[in-house]
Amino acid sequence: AAVAVGFALAVVLPNAGNIGGGGFMLIHDAKSGKDIALDFRELAPALAHRDMFLDQSGKIIPGSSTSTHLAVGVPGTVAGFDLAIKKYGSLTLKELIAPAIQLAEQGFTVSPHLAAMLEASRTQLAPWASSRAVFFRDNRPLRAGEQLVQKDLARSLRSIARDGAAAFY
């Protein structure tokens with residue numbers, strides 16, 4: 001259930017859960033009585049190094065660790081969900097991801113909370129045509145009551161459902 005909810009949140013609440021991010025999961029195994037913690041946070045890319053956000057004089061380059069291609073980590077969510085399913089799940093990845101695919105493909109009504117988050121993220125989303133194409137209408141963020149459809153995300157989720165976590169990575 002947690003995996004299904006996690007994938008669905010990647011669709012309906014992109015600021016809180018996303019396949020491009022990472023996270024933690026706590027699992028209680030009723031049979032053994034054990035509590036398990038999974039850590040699937042993002043990892044630094046292989047070529048990351050200590051001084052990558054510094055200029056030639058050793059000073060911090062403003063925004064380089066938050067708003068450039070260098071700020072990206074290797075996402076852990078899909079691998080973490082896959083591990084949880086394989087070790088502790090009773091349903092398949094395909095079954096668990098199906099509701100998220102449907103939400104992304106058919107869309108859903110933007111809530112007041114999501115509309116407020118999109119408005120608050122306007123300056124981060126607006127420079128990118130790909131973000132505007134999904135989250136904007138008429139040059140402004142989607143408003144509460146409007147429909148959010150994410151066809152590209154649906155295709156990505158469908159690939160993961162069909163080919164497993166390896167399709168994402």
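The values are calculated or read from the model by the stated rules, or taken from the named source; none is laboratory data. Fair warning: this is a prediction, and the values are worked out from it, not measured in the lab. FYI the Cβ positions are ideal-geometry reconstructions off the backbone, even for glycines, and counts take in every protein chain you see. Surface accessibility is based on the protein's heavy atoms, side chains included, excluding ligands, DNA and RNA. Shrake-Rupley method; radii C 1.70, N 1.55, O 1.52, S 1.80 Å.
Results, tabulated for the structure shown:
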quantity: Inter-label distance for Ile60 and Asp39, nm, one decimal - labels placed 7 Å from Cα along Cα-to-Cβ; calculated: 2.4
quantity: Kirkwood estimate for segment 62-127, i.e. one over the average of 1/r between Cα atoms, Å; calculated: 15.4
quantity: Spatial separation of Cα centroids for segment 28-54 and segment 94-146, in angstrom; calculated: 28
quantity: Label-point separation in nm, Lys86 to Lys151, each point 7 Å along Cα→Cβ; calculated: 3.3
quantity: Relative contact order [Cα under 8 Å, 6+ residues apart], segment 1-47, whole percent; calculated: 25
quantity: Lys151 accessible area, assembled protein chains, probe 1.4 Å, Å²; calculated: 90
quantity: Among Ala144, Ala46, Ala30, residue whose mean-square fluctuation peaks in a GNM of the chain (springs only between Cα atoms under 10 Å); calculated: Ala30
quantity: Cα pair distances in the chain, grouped into 10 Å bins until the bin that holds the longest one, percent each; calculated: 9, 31, 32, 21, 6, 1
quantity: DSSP H segments from the chain that extend 24 Å or more along their own axis, Cα-based, with Kyte-Doolittle mean of -1.0 or above; calculated: none
quantity: The chain - mean residue ellipticity at 222 nm from DSSP helices (-39,500 (n - 2.57) per run, n ≥ 4, rounded to 500); calculated: -12500 deg cm²/dmol
